Amino acid sequence: MQYPQLLNSTIYWLTQKRWLLFAFIVALALFLLPTPSGLSLSGYRILIIVIIALTLIITESLPLPGIAFIIIILEVYFGIGDANSIARSFMNDAVFFIMGSLMLAVAIVRQGWDKRIALGIIKLTGNKTHRVAFGFAAISAVLASFVGEHTVAAIMLPIALTLIKYTSKDRKKVRRLSAYLLFSIAYGSLIGSVGTPSGGGRNVILIHYWQEFGMPQISYLEWMKFAYPLILIQIPILSWILWKNFPPEKTVLDTGIRRLKTKVANSNQITTKQITALIIFFMVFLGWVFLSETVGLGIIALTGVVMYLITGCVTWDDLHKHVNWGVILLFGATISMGAQINHTGAAEWLANNVIKFGGELMTSVPIFTDGLVILLTTFLANVLSSSATVAVLGPITLNLPGDSTHIGLVMAISSAFGYFTAVAAPACTIIYASGLVKARDFLKAGWKIGLISIILLIIYANTYWAIIN
Amino acid sequence: MKILIAISSKEYSKPTLQVGMWAAKAFNASVTIAYVGQKISAFGTSDVGLAQESIAKWGIERPGVQVLEWAFNYLAENKYITPETAKAGFQRNTLVDRGKNRVELHLKGNYCEGVDLILRRGDIIPELRNEVAQNGYDITIIGRSKKRRMAHDLVQYIDSSIYIARDLAPPEGHRLLQAVDDSKGTAKALVYGSQVAKAFKMPVDVLTVSKRESFGKGYMGAHKKALRAFEKVGIKPVSILKVGDPVSEVIKTATAKHLIVMGVSHLNPIVKFFKGSKPLKVINQCNSPVLIVK
């Protein structure tokens, strides 16, 4: 390679990796500064790693596994732990759950239940647009509360796209209708994903932190008792806001529904494999409800995966191809980082500074703490990802004054308020990738739903939870 | 010759596709028509892939396929692909995922060697750069973008000649404006310019601009060499010698019916990165289509 080409390639590399360089320069500068008073050296160093990790995750200047490896190796090089202790903190039941849930998603999507779900929705809702959209939001929320939002969005998306296609071949003529239906799925899935511990990786990460930090825990059903009523309140509000934001071009979808009905009615009879897959999932669900406190949610999810593999409902090639291994590695690394934030005392130090910042309000007005946690979590979830947010913020918020169950649940629920961007959650990314909604559409509807959700959660957490406690 | 045509949508990319296919026909080149879809967050790539496989089972094409279908119809209507290929129609199911973020459909060409329709996903500059690096194109043809840094990044980072298409520009009635100086880039630009002018029988203006009142030996030598190069291919060029700022004079001379051909700047890449270059300034300030030869 000639000198100018080499120089040009270097400039290109520098422009592509500018955030990586920025992160390391900032980290180096912080590394050379004296340790803040009250914070241990290892605590200070883990916070430097947090800054690097957050910058890299938000800017995606390295592939996800690369970011995961940076976190792990820096934990060792910075003397925060030895290789074996870091390795131990890297793999735990929460990571098993994330791995299992991603694999279960592939197995479930592969069963072709989408046509039967479509038929079910049509039968329940009829052909009025607002009822169909409400049906999409409600079904997505309920399903996502058990199997995760990414699974539900992947199942529901083809149904909505087919309905849109059958309503009008010209996508421009049904732009608002498209946004209305697709956001009903994505936001419905997001709202539902906090309904049970198995609804999302972040819920399991929180449970892992409660265990790890020796805090009181709640069972699968108790979690539902805390979270599910909020979902039921949010669904109609979501539907109404979307209706107002994206008034659909057609208020009745008679042609689309008729054609969709014909298409799904022609689908094959239910197969033995589909029945087997359903039975396995039901067993997994029962395992989560009754055994998760004994063996862990992750082990049950992996048991389900093994059963799917044994019965041939899914192949390893399929799992290997469709599971995002980078996400698993990254969540393993962020959970390890979260554990070190706590062990090194950095979490307590940060929490104390937050308390200082909040003053007496933090202890005398619990709503203030809730508001602060919700705002911080919502912001980070929208730029980072919900699970990574809980993994990083968890140790800090759980050190704040107040009941750890209350504050943990507030954080887990608000991490689902990823309404503002397409990167906040896989469900949002999936509908964004359809090309029918634009990035600005997320902000257009998202801020209203986000604001109402924040207010609703503060009221809900300080009234309903106080009553049931 | 290998040509890469980057298209974005049927609303905006017709002139780009048209120019690219004219060039492919004239030079019997092999063509790749690329659509680069929006970038997906790394957290969602597998989920999106899974969702798109489900969508395909419902007979709904993934984003970008519609744009490729439009390109296919354009090629069929204008007989750029063989009648058999055109008659078979756009076969979505024959789109092959070649890995490395590249889905492709190969078509048999009528006048040109062959046409590949490809889908990529991600940021446009890295994707085009990868495509050019992997397949070694001679020219990349792309429409003008409203993004401020797009032209800069194309010229700086894409390792092929760059043609920035504007509104529909049929070769008939158009002139070629060959900007000439004594730089290294001019020689190769002259080869391209003369080939284009010959293929499309375009009248040619050869423009040399000197910053000083008198033209030096180098500039005059380059200018005469350019005139001879066009005469060799049977075109009698119009000689234009001007004094002033080269960029301003090129822009003043070029009309809406000019195709500007310039050599790439051989300034230090660092200087080009921060200060830009003459070709880049011409692209940014002029409304004519521009071919920057590398």
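Structural remarks
- For the range A:1-87, carbon and sulfur atoms together expose 71% of the accessible surface, with a 1.4 angstrom probe and every protein chain in place.
- Per residue accessible area in Å² of the protein assembly as shown, where ligands, DNA and RNA are left out and the probe is 1.4 Å: 42
- Out of every Cα-Cα pair that chain A contains, those further apart than 45 angstrom amount to 13 percent.
- Relative contact order computed over chain B (Cα-Cα under 8 Å; 6+ residues apart), in percent: 18
- Helical content of chain B, expressed as a calculated mean residue ellipticity at 222 nm, amounts to -12500 deg cm²/dmol (DSSP H runs of 4 or more residues, -39,500 (n - 2.57) each, divided by residue number, nearest 500).
- Accessible surface buried once B binds A (1.4 Å probe; total of both sides; Å²): 3600
- Per DSSP, loop GluC sites (Glu not before Pro) in the range B:182-272 with at most 11 further Cβ within 10 Å: B:E213
- Taking the alpha carbon gyration tensor of the range B:202-263, multiplying each eigenvalue by 5 and rooting it gives semi-axes of 19, 16, 8 Å, largest first.
- Counting heavy atoms of the protein chains alone, A:W325 has an accessible area of about 80 Å² for a 1.4 Å probe.
- Expressed as a whole percent, the accessible area of the range A:190-252 that falls on carbon and sulfur atoms is 63 (1.4 Å probe).
- Residue-averaged 222 nm ellipticity for chain A, from DSSP H runs of 4+ at -39500 (n - 2.57), nearest 500: -25500 deg cm²/dmol
- Of the solvent-accessible surface of the range B:140-190, computed with a 1.4 Å probe and all protein chains present, 51% belongs to carbon and sulfur.
- Working note: Cα gyration tensor of the range A:355-445, eigenvalues times five, square-rooted, sorted largest first, giving semi-axes of 30, 13, 9 Å.
- Helix A:149-167 and the longest principal axis of the Cα set of chain A meet at an angle near 40°.
- Amide H within-cut-off set for A:V252, under 5 Å, with H built and near neighbours excluded: A:T129
- Extension gain from B:K232 to B:I270, taking 0.36 nm per residue of separation minus the Cα-Cα distance: 9.9 nm
- Within the full protein context, the accessible area of A:I73 is estimated at about 80 Å² for a probe radius of 1.4 Å.
- The range B:175-293: Rg to Rh, with Rh as the Kirkwood radius over Cα pairs: 0.94
- Taken as Cα centroids, the range A:210-268 and the range B:232-294 sit 58 Å apart, rounded to the nearest whole angstrom.
- Under the convention that each Lys and Arg Cβ holds +1 and each Asp and Glu Cβ holds -1, the size of the dipole of the protein assembly as shown around its Cα centre is about 3620 debye.
- FRET efficiency for the pair B:N135 and B:V191, taken as 1/(1 + (r/R0)^6) with r the Cβ-Cβ distance and R0 = 35 Å, rounds to 0.95.
- Nearest-ten-degree value, helix A:64-77 long axis tilted from longest Cα axis of chain A: 20
- Extension gain (nm, one decimal) between A:W447 and A:A265, 0.36 nm per residue minus Cα-Cα: 61.6 nm
- Since only B:N73, B:Y137, B:V36 are under comparison, the one whose Cα sits farthest along the positive direction of the charge dipole of the protein assembly as shown, derived from C-beta charges on Lys, Arg, Asp and Glu, is B:N73.
- Rg over Rh for the range A:45-106 works out to 1.03, both radii taken from alpha-carbon positions and Rh defined as the Kirkwood radius.
- Summary of packing: across the peptides B:63-75, A:26-38, the per-residue average of other C-beta atoms within 10 Å ranks them, highest first, as B:63-75, A:26-38.
- When Rg and Dmax are taken over the Cα atoms of the range B:2-165, they come to 15.4, 45 Å.
- Here the range B:109-193 is assigned +1 on the Cβ of each Lys and Arg and -1 on the Cβ of each Asp and Glu. Its dipole about the Cα centre then comes out at about 440 debye.
- Area accessible to solvent at A:R45, 1.4 Å probe radius, in Å²: 50
- Between A:R440 and A:F24, the FRET efficiency from the beta-carbon distance, with R0 = 35 Å, is close to 0.60.
- Rounded to whole Å, sorted largest first: equivalent-ellipsoid semi-axes of chain B, Cα gyration tensor: 38, 22, 14
- Note on exposure: B:T82, A:T463 ranked by accessible area (1.4 Å probe, complete protein assembly) read A:T463, B:T82, with the most exposed listed first.
- B:A256 paired with A:K172, simple spin-label distance in nm, labels 7 Å along Cα-to-beta-carbon: 2.2
- Under 29 Å from the Cα of A:K444 - lysines, other chains or at least 8 residues apart: A:K128, A:K165, A:K169, A:K172, A:K173, A:K244, A:K250, B:K10, B:K39, B:K146, B:K147
- Relative contact order of the range A:3-89, pairs being alpha-carbon contacts under 8 Å that are 6 or more residues apart, as %: 29
- Inter-centroid distance (Cα atoms) of the range A:343-406 relative to the range B:6-54, Å: 45
- The range A:215-271: translational diffusion in µm²/s, Stokes-Einstein, Kirkwood Rh over Cα pairs, 20 °C, 1.002 mPa s: 137
- Multiplying the residue separation of A:E222 and A:A466 by 0.36 nm and removing their Cα-Cα distance gives an extension gain of 86.4 nm.
- Average beta carbon contacts from partner chains per residue of A:2-15, 10 Å cutoff: 4
- Helix A:201-212 vs. chain A, principal-axis angle (Cα, 0 to 90°, nearest 10): 40
- Averaging the sequence gap over all C-alpha pairs within less than 8 Å and six or more residues apart, then dividing by the number of residues, gives the range B:2-165 a relative contact order of 31 percent.
- Förster radius 41 Å - calculated FRET efficiency between B:N284 and A:F69, Cβ distance, rounded to 0.05: 0.50
- Paramagnetic reach from B:K39 in the range A:434-449 [backbone N under 12 Å; point 7 Å along Cα→Cβ]: none
The values are calculated or read from the model by the stated rules, or taken from the named source; none is laboratory data. Just so you know, these numbers come straight off a predicted model, no measurement behind them. Every residue, glycine among them, receives a Cβ derived from its backbone with ideal geometry; neighbour counts consider all protein chains shown. Accessible surface is based on the protein model in full, side chains and every heavy atom, while ligands, DNA and RNA are left aside. Shrake-Rupley method; radii C 1.70, N 1.55, O 1.52, S 1.80 Å.
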